[in-house]
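The values are calculated or read from the model by the stated rules, or taken from the named source; none is laboratory data. What you see is a predicted model; the values in this text were computed from it and never measured. Positions of Cβ are generated from backbone atoms using ideal geometry, with glycine treated the same way; all protein chains shown enter the neighbour counts.
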């Protein structure tokens, strides 16, 4: 996919972050909501977006999950859970997928940002599990800044460009603002990195529509 280009949705600005988290708080929060996904021979990342009873819903990239292949979710506590892709979810042609698993564990779910507050040059943080054998860490929280948000999304919903250093395996992971709230899902590890803006109401509405509770 070509680098994201286009008119900015907002002019360059710096928003006051009255509730910005410390680096340690951001890392802990990102770690708690980010999961590792293994689907067939593919690996990637995702985020916990909903808990209902013992059913957790994960949002990730569609290109990571393989139909007909066994899919597993590994949570931050190291536990691996058998999972199912929600094939009936209608995510408007975006490179997104929903995956569900059952667990008696008490895992934190993501909070979503108000997309009207997304601003050029604001700091953003991308969380995920790279599969680079040369890295000493299994989980990474990459720091960068928002570079561009075209007025219209490109193919498969990509609409954010940012400067974070993204490794293979971090696709599907959350893009967070300074408050630890999710603004998008990472999907491209080229420069500038690309992500899909996430509307919380849309995402949760799609989960409810599936009727898998």
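Inspection of region 5-27 identifies at least one residue that is closer than 26 Å to residue 118 by Cα, surrounded by 13 or more Cβ atoms within 10 Å (Cβ to Cβ) and at pLDDT 95 or above. Whether a residue is within 20 Å of residue 51 (Cα to Cα), in a strand (DSSP E or B), under 16 Å from the mean Cα position of the chain (by Cα) and modelled with pLDDT of 70 or more was assessed, and residue 185 passes this test.
The lone criterion from (1) touching a strand residue (DSSP E or B) at 6+ places or on another chain (Cβ under 6 Å); (2) within 20 Å of residue 185 (Cβ to Cβ); (3) modelled with pLDDT under 90 left unmet by residue 2 is number (1).
Taking region 124-165 as the range and being at pLDDT below 85 and touching a helix residue (DSSP H, G or I) at 6+ places or on another chain (Cβ under 9 Å) as the test, only 156 passes. Counted as qualifying within region 37-111 are the strands (runs of 3 or more DSSP E) with 1 or more residues that are loosely packed, with under 14 Cβ neighbours inside 10 Å and without any contact (Cβ under 8 Å) to a residue 60 or more places away in the chain, namely 80-85, 97-102.
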